[in-house]
Every structure is written in structure tokens, then in C-alpha cells.
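Have a look at the structure below before the remarks.
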Amino acid sequence: MAATTWAVTVSLLLLCSAGLSLGASLESTDDVKETTAVLKTSPMLKRAELIQRSPAIASLELLNRETAARLVQDAVVAPLWERADQRQGMRVLQHDEMLAEGAVIEPAFAPLGGPSRRMVAQNQSWLFMVDELPGAHFAHPVKLVLVDAATGEQQEMETDWWPKVNDVQLFDTETIRTDPKLTTFYKKPAAEVKLSTSYGALGQVGEIKPLINCDVWAVLVCGYNDLPDSFDDDTNGMYSVLKNLGVPDDHIFYVSPHAGHAGVDRPTSRSNVQWAINEVAARSDIKDKVLFLYSSHGNVNFVSCVPGSPDGGSITADEMDNWLDAISCKEMAIIIEACHSGSFIGKYKDGTYAAGENELTGDGETNRVVFTSASTDTSSWPDIDDGSDPNPADTGSESIYGYMMAFSIPSADTNGDGRISFGEAHQYAWDNDVTRILGWNVPQLIESGLNKANVYHQCLQYECYSNLPSPKLTLTGTEDYTASGGEFTRYKLSVTNWNAYPGELFEAAPDLPPCGLNTESSRTWVDIYDASGIRLYGFCALSSPSDLQNLWFAVKKGETPPKGVYVVLKDRRCDEEYTSNQVTTEPKILSIAPLNRTVVQMREPMSVVGKVLV
């Protein structure tokens, strides 16, 4: 018998054993060739191959639950587990009821701006979810497997979310996802996830007594209703921190699905998140401090907002930025706990920064500092405790709950000033994040016009800044001028990192000693010294950090200036000094000698950038 005829015969036998019929017999070699070509590309041949491997199907019995699980374990799970990073674990869940013919299986949430993918059950079928990061917050890698109970054929879909079947979500809570009755395979992560069992507030913060001269406002959002998870722990913890810092309830706008938790004002919805932001926008001004915390599931460029509820769904990075733009304030601290939340600021695990993807600080904001629990390309986790965790006492989300804990940990106050800055709390969270230590996740931070070390969730009578960078001084040029009948040369200086200095350093300080007759001189004075430490000139009435770009000293025209100068910024209130680098005042000589031309010497105090022709 010819090889092609034998192949068709075997295929026909297999198809017939499954109750399939091709009807008419093959009458010619051309018929055989055409049918063979069709079978090679047809799903029927794949079904025939499955029938060969499955005695149960060959006898026309529907796959039972256990047989379907064994099939998925052998065909899908075993090879996937062999290739996986086994430190992160794996869990396989099987829906407890067989799906009906025609059931439509999709990811719970479609990607932003794109259509949802789907699988359709051709016969009664079993549905499996292979969770490749069990216990991690969503979104994270998941494989959905649909096993046809009549044929054994498998459909697979790689996605980031649990499934929905005919628009009904399955495996959508931690309680269900950890149900041993639904679990067919489980290998726990190297560090075990600990689900939250208590919903109380964080312990008392130390004895910090602020003297208020501005206002602190906060928006706290628990964006998902799944109590065994840690989102509510995050928002409850921050609420207790703010209360212990002296922030009154009417300055904290808290939306959460858990109405019984302390401080909650309204249930979570898109409208109520906007309401909370608008309430702060209506009350705050340019002297105030604002905190925005959002904790939920999420994916690239969006966070979940009680999906499935009438006014729920998601909030995109662009929407969040637009809503927050309505708030006028001195400082805005933003913390986002969600998988892939680094996409809100364009930051990746490997350190890549994509400025065009930065929604929260990429369009000119100069008063924000942002801490995200994950990178664009990583998932975040709830609390994880094991021998690798340096902070087993935490209870909220692994990457950010350390931020809240820092306010009750004396060692987190690294500069010993009795207060916890944004930078100190972020550092404590970073140091105690076991998912970062294990390399599973890299939280991200961006400073936009603010120094994290100088941002606080308190308003004090004054703030001292011990961690400011040194001034970066440059000579920008010279100019001659006449004053009081004499001729002088002015040497112009600029501090190029002027925006690293808080505006309050240059506020009027009438309670401090005057500058001559000026009783409203600024808190910080700036003096210019030569290389030997002799004071040349000073400024005592600068009103803004931007004024540091316009410093100068003068000598009589024709006199030789000091060879080098530097500046000292003196914060008189806190007795802090910031000393710059030294710059030379000697002119640079640039020789220009084009071919066959006379050499011309030019004297210029500025650096010359570019090629020199000689």
C-alpha cells in the first residue's frame, strides 16, 4: 500500500473511532492526496492523535476530573515546571464543574486599548489555571488550559489574569486561589506568602509633636475587595501613621470597600476616588503637603478599581495624573502598590527609564516624589515571611508596608532628627523587601523637583535639611559696569543645582538677626569667598532658590581678581552650611589659527566646547 494511502487509512480509522465520518469513499489518487493535505492541517488529525493516547476517549467516555488533571499535569505542567524559576513556585487550579459546550473563556480583564482574547469550548470541557507566581499580586503570568472532555484536545492561553467564563470571573479571590480542593499541583515559593488575618491599625508612632504652620492632606485608596489580601493593610497602616503624626480626620479622604475600617469615608469607586482628590484640590494650597496612596491589583498603565462593581473597573496612569494635576501643593508624595506600577513612571527592572512612558512626573511636574511597589515589567507581592525576610513582623504588601512601619522603628531615623522623611521610610522599605532581595521584583522611585530626604508627612514650624547636596558652582561670564563714579568688572556666578534647595530656606526670617537695616532678610545667607577663605561679597535677601543662578562679585576694572572662588550657603535657623566647589576666574586662552591666517588670541572666562582648529 502506498505511504499516502496508509496515512489516510490510519487517520480515517482514528476519526471513525471518535464517531466521525467523512462520508464518501476516496476514488482516486488525487482524492487521496487532497484529503491527506487537508488532514495534515486539520484539528481533526490532532484530535485523532489525542485519541490514540487516551483509552478513555477511544471508548467515547467523557474525561472525568481526575483524568483531565493527569493529562494537564503531563502535557502542560511538568514541562513548564521544568523550565520555570522554581524558587517562585507554581499552583494549578481546576474549576470544580465541567464547562458546557459553547462556553467562552477570556482573561478577567482585557489589555488597555486592545481586544480580549478568548477560547471557546467545542464540547463539554475542563478549565485549569496555571499560576506561575502563586501568591503574587496581579497582574502576573498565568496560563489558562481548556481540556475538551470529549476529545482530549487542549487549548492554551497565556495571560496576566484569572479567567472569566461567559463574563463570570473564576479564581478571583485569594481564598479561592488557595483552596486545596481546587488545587491539582502546588509548589510553594522559596519565601512563603502570608495572607493577612487582621485588619487593625499600625502601632503608635513615636513621640513626635509637630508645630503646624501648613496643612497636610491625604487621599488613601484601597482599590480591591479581597480581605485575605494585603491592600487594606496598606491603607489602614498609612491611616494610622497619619493619625499618629497629628493629621486630623477631616484632612484624610479614605475610600475603601471595607466600610467598617477606621477612617473610611466612602466605598471605593471611580467616582469616589475622583471625589477624594477633588476634596483635597478644593482645600490645599501651595504651602501644603499632600500624600496619595493607592493599593490594588494592576497591570501596565492601570490599577484596578473594584472591577465588577457598577462604578468600578480601572484607573489609567493618564487619568490618575490628570486628576492629581488639579491639586495645588508644595509637595506631593505618591505611593502606588500594584503589579507593573513602575509603568506609571516609565521605570523598568533593569534600570531603564523611558521618559515618554512617565505619566506621573513626565509633563513638567516639579513637586512630586513617587514610590511604586514594582517595575513596569515585574509583579508585586503581599506579605512574605521566611528565613530570607529581614522584617517578618510586617503584615501588608511586601514592597511598601515597610514604608509605614518605618514611622515606628527608631533605626529608620537614620539622621537622628526625630522625624521620618519620605527618603528614610522608602529606604527602610527597600532594605526589608524580601522580593527585592530574592530578585523577584524591583520597586521604583522618581524625584521630580523634590529631594526625597526633605519630604515629610508633617508640617513643622521649620524644617532642617542635613542631606542637601553641595552647591555646584560655575562661572558664567563677566561684564563691566560703572557705579559711584568708578568702573568695575563683575564676575557672574551660578549654582546649577539650585532646584535641589527647598524654597523655605529663602523665606523671610524676621525672628532672626537682621541684615543691616533689613529686618526681613532671608533665612539663608550666601557668602562668596576666595581660595584662601577671605569673604568677598554676600547676599542676605535672596527670596527663592532660583536666585542662586544670579550671584556675583566685583573688582575694580583692570585689577586682577582672585584665582579661585567658592560660595557658602548658611541656613541660620538650623546652623547648617552647604559649601560649593571652587571655580577659577582666570581667563581661558583660545588660539584660532586657520590655515594661512594670523593667530588671534581671545580671552574668555567661560569654558569652550567644540573643536579647535590649529
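The values are calculated or read from the model by the stated rules, or taken from the named source; none is laboratory data. Predicted model, so just to flag it, every value in this text is computed and none were measured. We place every Cβ from the backbone using ideal geometry, glycine too, and count neighbours over all the protein chains shown. Heads up: the accessible areas ignore ligands, DNA and RNA and are worked out on the full protein's heavy atoms, side chains in. Shrake-Rupley method; radii C 1.70, N 1.55, O 1.52, S 1.80 Å.
Given a 1.4 Å probe and the protein chains all in place, what does the accessible area of Arg535 round to, in Å² to the nearest 10? Counting only protein heavy atoms, Arg535 exposes about 130 Å² to solvent. In this structure the stretch 517-586 gives 51 Å² per residue of accessible area when probed at 1.4 Å with all protein chains present.
Across Leu63, Leu536, Leu170, the residue with the most accessible area heads the list, and the full order at a 1.4 Å probe is Leu536, Leu170, Leu63. On the accessible surface of the stretch 513-566, probed at 1.4 Å, how many percent belong to carbon and sulfur atoms? The C+S portion of the solvent-accessible surface of the stretch 513-566 is 53 percent.
Note on the stretch 315-472: Cα-only Rg and Dmax are 15.7, 46 Å. Each of Glu82, Glu106, Glu576 has its accessible area taken with a 1.4 Å probe; listed largest first, they run Glu82, Glu576, Glu106.
Rolled with a 1.4 Å probe across the full set of protein chains, the surface gives Met405 an accessible area near 20 Å². Over the stretch 59-156, accessible surface divided per residue gives 42 Å², non-protein components excluded, 1.4 Å probe. In plain terms, the C-alpha convex hull of the stretch 296-376 casts an average shadow of 5.3 nm² when viewed from every direction. Accessible surface computed residue by residue for the stretch 384-454, with neighbouring protein chains in place and a 1.4 Å probe, gives 32 Å² per residue. Size descriptor for the stretch 380-455, Kirkwood hydrodynamic radius: 12.7 Å (Cα pairs only, one decimal).
In terms of its Cα atoms, the stretch 121-192 spans 40, 24, 21 Å along the principal axes, sorted from long to short.
Given Cβ point charges of +1 (Lys, Arg) and -1 (Asp, Glu) and nothing else, what value in debye, to the nearest 20, does the dipole of the stretch 67-173 about its Cα centre take?
180 debye
Considering every alpha-carbon pair of the stretch 247-368, the percent of pairs per 5 Å bin, from zero through the bin containing the longest distance, is 2, 10, 20, 23, 20, 14, 7, 2, 0. For the stretch 246-331, the fraction of 1.4 Å probe accessible surface lying on carbon and sulfur atoms is 49 percent. The apolar share of the surface of the stretch 346-466, taken as the fraction of accessible area on carbon and sulfur atoms (1.4 Å probe, ligands and nucleic acids excluded), comes to 48 percent. Ignoring aspartates and glutamates fewer than eight residues from Lys570 along the same chain, the ones with Cα atoms less than 17 angstrom from its Cα are Glu463, Glu504, Glu507, Asp511, Glu520, Asp527, Asp530, Asp547.
When the pairs Lys289/Lys349; Lys143/Lys188; Lys243/Lys452 are compared against a 24 Å limit on Cα-Cα distance, Lys289/Lys349 fall above it.
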